[in-house]
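What follows is a short report on a single structure.
The values are calculated or read from the model by the stated rules, or taken from the named source; none is laboratory data. Remember, predicted model here, so these are calculated numbers, not experimental data. Methodologically, a virtual Cβ is constructed for each residue, glycine included, from the backbone with ideal geometry; neighbour enumeration extends over all protein chains shown. These area figures cover heavy atoms from the full protein model, side chains too; ligands, DNA and RNA do not enter into them. Shrake-Rupley method; radii C 1.70, N 1.55, O 1.52, S 1.80 Å.
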Amino acid sequence: MTSTISINDNHLLKLAPLEVPNRLLLGPGPSNAHPTVLQAMNTTPLGHLDPAFLALMDEIQSLLRYVWQTENPHTIAVSGTGTAAMEATLANTVEPGDVVLIGVAGYFGNRLVDMAGRYGADVRTISKPWGQVFSLDEISTALETHKPAILALVHAETSTGARQPLAEVGELCRKYGTLLLVDTVTSLGGVPIFLDEWGVDLAYSCSQKGLGCSPGASPFTMSTRAMEKLQKRETKVANWYLDMLLLGKYWGSERIYHHTAPINLYYGLREALRLVAAEGLANCWQRHQKNVEYLWESLESIGLKMHVEKEYRLPTLTTVCIPEGVDGKVVARQLLLEHNIEVGGGLGELAGKVWRVGLMGFNSRPESVDRLIEALKQVLG
Ligand code: PLP
């Protein structure tokens, strides 16, 4: 007996080929990918176990060590956005009951708190008003009080625009046998980072900000100390996809299939890292600093103020105070729809109080600043 099932066309769309507006992405990320990164991503995919692709993975690993200034053997890209790489740090090292101390001075500190709790950590926090950073003394006192297995800090808090100083924190952590975990999502490629010098044990980032790629292939690294904690676990890593013991067999010498890598994103990441290497890390950091100082001066010249004290401002992300009587959302919408420029709004405590302006990777150029200032002059009148 044959039965015919008819196709339901309720959701059928007859679409034209994709066309998207050409925006200048000056928000908290993503930023515009470099044109040659887009070209690289437009290359024919290889298989994920093809020797040519495996060689490219090795190049990514080496260049990630360069941009992070680390010798960590286990340095890879996670297939997923920054949040996946963030989750990987905690999933692999937190065992139920471990004390995890988290510095919360913005939205992403809170995300770490939520995640660490889900992996069974005994979460303790230290807090600061949004836009401020922790002093070495405050960190030292908290370590003495909590003696945590892991201390997690956000190097570049994208919700506030503040840069957390990290020098000497690793040394303190070693006194208590604590692993130092650092979020470098908005700092990698744009803000000086010396992971090994600073004694950082676990770090993660993203591809779509300072590195100037598209989102989806996220840097992850762990020190030998962190790897030892993973190897000594009594329980399996609760997240199969992010288990570094399994992933290490794909990224390391064994080359065992784990998941199908997002091939073209890895092409893009390789090209983005190649560009940073060609420019030179020091030059890349200096470019970000120079352009953000031009941004601050230009914003001040039209009467706007920054939220964070100059000493702690990020070169990649600036929080700009919304003037009294101005509706920040309306301005951001006008910038987007009339000038094709994206800026971000405030999150959490800073909602409605600041705009977030990113100058990251390919977008960290004087032309980006000039375009934004011209548009702001028109919109603010
Ligand atoms: N951590 C920080 C500091 C971030 O700014 C972001 C995203 O902007 C994330 C983590 C999460 O990254 P993603 O949005 O790529 O998942």
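What the table shows:
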| item | result |
| --- | --- |
| Label point distance in nm, Thr44-Lys147, each placed 7 Å from Cα along Cα→Cβ | 6.1 nm |
| Heavy atoms of Val326 accessible to a 1.4 Å probe, total area in Å² rounded to 10 | 50 Å² |
| Placed amide H near Gly252: partners under 5 Å, 5+ positions off or other chain | none |
| Exposure rank, largest accessible area first [Glu87, Glu168, Glu138, Glu234; 1.4 Å] | Glu234, Glu168, Glu138, Glu87 |
| DSSP-defined antiparallel bridges as percent of all bridges, the chain, nearest 5 | 50 percent |
| P(r) weight above 29 Å for segment 190-339, C-alpha pairs, percent | 39 percent |
| Modelled FRET efficiency - R0 51 Å, Ala167 with Asp370, Cβ distances, 0.05 increments | 0.90 |
| Mean Cβ count within 10 Å, highest first, over the residues of peptides 48-55, 6-13 | 48-55, 6-13 |
| Protection-proxy order for peptides 199-210, 337-348, each taking the mean of Cβ atoms within 10 Å per residue, highest first | 199-210, 337-348 |
| Listed pairs Lys209/Lys353; Lys175/Lys249; Lys175/Lys236; Lys128/Lys175 exceeding 26 Å between Cα atoms | Lys175/Lys249; Lys175/Lys236 |
| Rg ratio (alpha-carbon, reference 2.2 N^0.38 Å) - segment 41-146 | 1.40 |
| Mean residue ellipticity (222 nm) of the chain, computed from DSSP H runs ≥ 4 via -39,500 (n - 2.57), nearest 500 | -12000 deg cm²/dmol |
| Spin-label pair Glu59/Gln286, simplified geometry with 7 Å Cα→Cβ offset, distance in nm | 2.7 nm |
| Ranked packing of 127-136, 357-366, most packed first, by mean Cβ within 10 Å | 357-366, 127-136 |
| Accessible surface, 1.4 Å probe, highest first, among residues Thr158, Thr141 | Thr141, Thr158 |
| Computed accessible area, Val185, all protein chains, 1.4 angstrom probe, square angstrom | 20 Å² |
| Heavy-atom accessible surface of segment 174-304: percent carbon and sulfur, 1.4 Å | 53 percent |
| Solvent-accessible area per residue for the chain (1.4 angstrom probe, square angstrom) | 45 Å² |
| For segment 233-275 and segment 304-343, distance of Cα centres in Å | 37 Å |
| Added length on full extension, which subtracts the Cα-Cα distance from 0.36 nm per residue, Leu15 to Ser127 | 35.4 nm |
| Environment charge of Thr145, counting only residues whose C-beta is closer than 12 Å and scoring Lys/Arg +1, Asp/Glu -1 | 0 |
